[in-house]
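Please read the structure below before turning to the comments.
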Amino acid sequence: MSDSADLLDIDGLLTPSEVSLRQGVRTFVEDRIKPNIAAWYERGVFPTEIVRELGGLGLLGMHLGGYGCPGRTAVDYGLAALELEAGDSGIRTFVSVQGSLAMTAIHKHGSEVQKQQWLPRMASGQVIGCFGLTEPTAGSDPSSMATFAHRAGPGPDADWILNGSKRWIGLASIADVAIIWAGTGEGIRGFVVPTNTTGFRATAIEPKLSMRASIQCDIELDDVRLPATALLPGAKGLSGPFECLNEARYGIIWGAMGAARDSYLEALSYSQERLQFGRPLAGYQLTQEKLVNMALEINKGMLLALQIGRLKEAGKLQPHQISMGKLNNCREAIKVCRDARAILGGNGITLDHSPMRHANNLESVRTYEGTDEIHTLIIGQHITGEPAFR
Ligand code: TGC
């Protein structure tokens, strides 16, 4: 982090390799994202031209090994997510959906043939993936999904027929392949669906007030016929998609701090230059209190992310710990961005400045991959032993 953001020398806890990887992603964000993001956001477009660049930087499926994937550590992956989200949550979301959700589903649960067929091209950015779990009437409770897959005939080699709909699916309208979760006679299973299959239709949800430089879609599945080999053999039941969600939620823990850091640094710099009543805003106690509270939450959130990252690297990370990071860092990041906007005054409501864009994006980030409420209840269940979801 910059010295003004890293008040605890958290950088001192990183290895030279982690610092070097972070610098590479930061440079990419400074050069390719920050100069363009306001225009992409205003036009409501995701910049598909950066997809292969992200692949070239080794950011797609970066925590996965083999099949052309970079095999980086959990903290590397977190630092990359942070720097990307300092640019925009929509850019980090692309990397999460591609790597943490679609690629992880194939890597964790796929057959050898599926891995060979899809992962190398997804890692390079030649092929885009999406992950269809949420439905119009099944958000926090995916067990209530209505999408259903049945066999077209008897025996294990019979084709599958999928019917149903999905909603809020990132990238679906530009994806080449979709991981679709569906109920079957034997519980919830995952399917690898090429998006050019007859009966598959994805439509972007517009207009949005959040994540405008990103794509979220409705998917309709109308008698989508798939060979038996489209089934993900390793995923049986809801644990299949939840194991992928763990990866995406982990990236968000770091990413949210990127949006917060960018907003804080912009407010700090503005407050040092902007004169009112003859003095810089930074010289007023009420401004300093806001800046100090932001710096406190960013430093605490970074320590939380790093500890969770080290637990993940040690193979000890548990779901309630991921929920602690996702809940805290999204909740605090959005407050930081809003306070930063307040310091910027009226200028803060324009796209010339990042904090309000980040705050708007974080409305989505705190909602997807488990809402604040769901993560509160996951932690509550861990503490009390009582599930309070139903
Ligand atoms: P429950 O009975 O507790 O669990 C069912 C099975 O899943 C296992 N499991 C997990 N496994 C791995 N990691 C986790 N974090 C897991 N959580 C649960 C569990 O052990 C069990 O396995 P098994 O083998 O015994 O069957 O299920 P539940 O329905 O009671 O769970 C409750 C709750 C609320 C925790 C869960 O439903 C939940 O997490 N809900 C939130 C769903 C969510 O995050 N949805 C977001 C979807 S993705 C998205 O928003 C957009 S994708 C990004 C994009 O495309 O832009």
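The values are calculated or read from the model by the stated rules, or taken from the named source; none is laboratory data. A quick note: this is a predicted structure, and the numbers were derived from the prediction, not measured. Ideal geometry is used to build each Cβ from the backbone, glycine not excepted, and the neighbour counts take in all protein chains shown. With ligands, DNA and RNA removed, areas are computed over all heavy atoms of the protein, side chains included. Shrake-Rupley method; radii C 1.70, N 1.55, O 1.52, S 1.80 Å.
Assign one of three labels to region 1-131, namely rounded, prolate or oblate, based on the Cα gyration tensor with a ≥ b ≥ c the square roots of its eigenvalues; rounded applies when a/c is under 1.5, prolate when it is not and a/b is larger than b/c, and oblate otherwise. Judged from the Cα gyration tensor, region 1-131 comes out oblate (a/c at least 1.5, b/c at or above a/b). Go through ALA81, GLY110, GLY58 and say which Cα lies farthest out towards the positive end of the charge dipole of region 10-124; charges sit on Cβ, +1 for Lys and Arg, -1 for Asp and Glu. Of ALA81, GLY110, GLY58, it is GLY110. Highest-first packing order for the peptide set 251-263, 126-138, 274-286 is 251-263, 126-138, 274-286, based on the mean count of other beta carbon atoms within 10 Å. If the segment from GLU53 to LYS335 were pulled out straight at 0.36 nm per residue, it would be longer than the present Cα-Cα gap by 98.3 nm.
Take each peptide in 200-213, 292-305, count the other Cβ atoms within 10 Å of every residue, and average; sorted highest first, the result is 292-305, 200-213.
Ranking GLY237, ILE253, ASN293 by Cα position along the charge dipole of region 215-301, where only Lys, Arg, Asp and Glu carry charges on their C-beta atoms, puts ASN293 farthest toward the positive end. Overall, region 266-348 carries a charge dipole of about 240 debye about its Cα centre when +1 sits on the Cβ of Lys and Arg and -1 on the Cβ of Asp and Glu, all other atoms neutral. What angle, in degrees between 0 and 90 and rounded to the nearest 10, separates the Cα long axis of helix 16-28 from the longest principal axis of the Cα atoms of the chain? For 16-28 against the chain, the angle is about 90 degrees.
Entry comment: accessible area of region 10-124 is 34 Å² per residue, from protein heavy atoms only and a probe of 1.4 Å.
Length gained on full extension, THR376 to ASP223: 51.3 nm, using 0.36 nm per residue less the C-alpha separation.
Hydrodynamic radius of the chain by the Kirkwood approach over all distinct alpha-carbon pairs: 21.4 Å. The angle between the Cα long axis of helix 372-384 and the longest principal axis of the Cα atoms of the chain comes to about 80 degrees, rounded to the nearest 10. Computing FRET efficiency as 1/(1 + (r/R0)^6) for LYS34 and LEU238, where r is the C-beta to C-beta distance and R0 is 45 Å, gives about 0.70. Counting only protein heavy atoms and a probe of 1.4 Å, the accessible surface of the chain is 53% carbon and sulfur. For region 240-384, lysine pairs with C-alpha atoms less than 22 angstrom apart, excluding pairs fewer than eight positions apart on the same chain, total 9.
Cα-based radius of gyration for region 129-237, normalised by 2.2 N^0.38 Å, reads 1.05. Computed from point charges on the beta carbon alone (+1 for Lys and Arg, -1 for Asp and Glu), the dipole magnitude for region 25-93 about its Cα centre is near 100 Debye.
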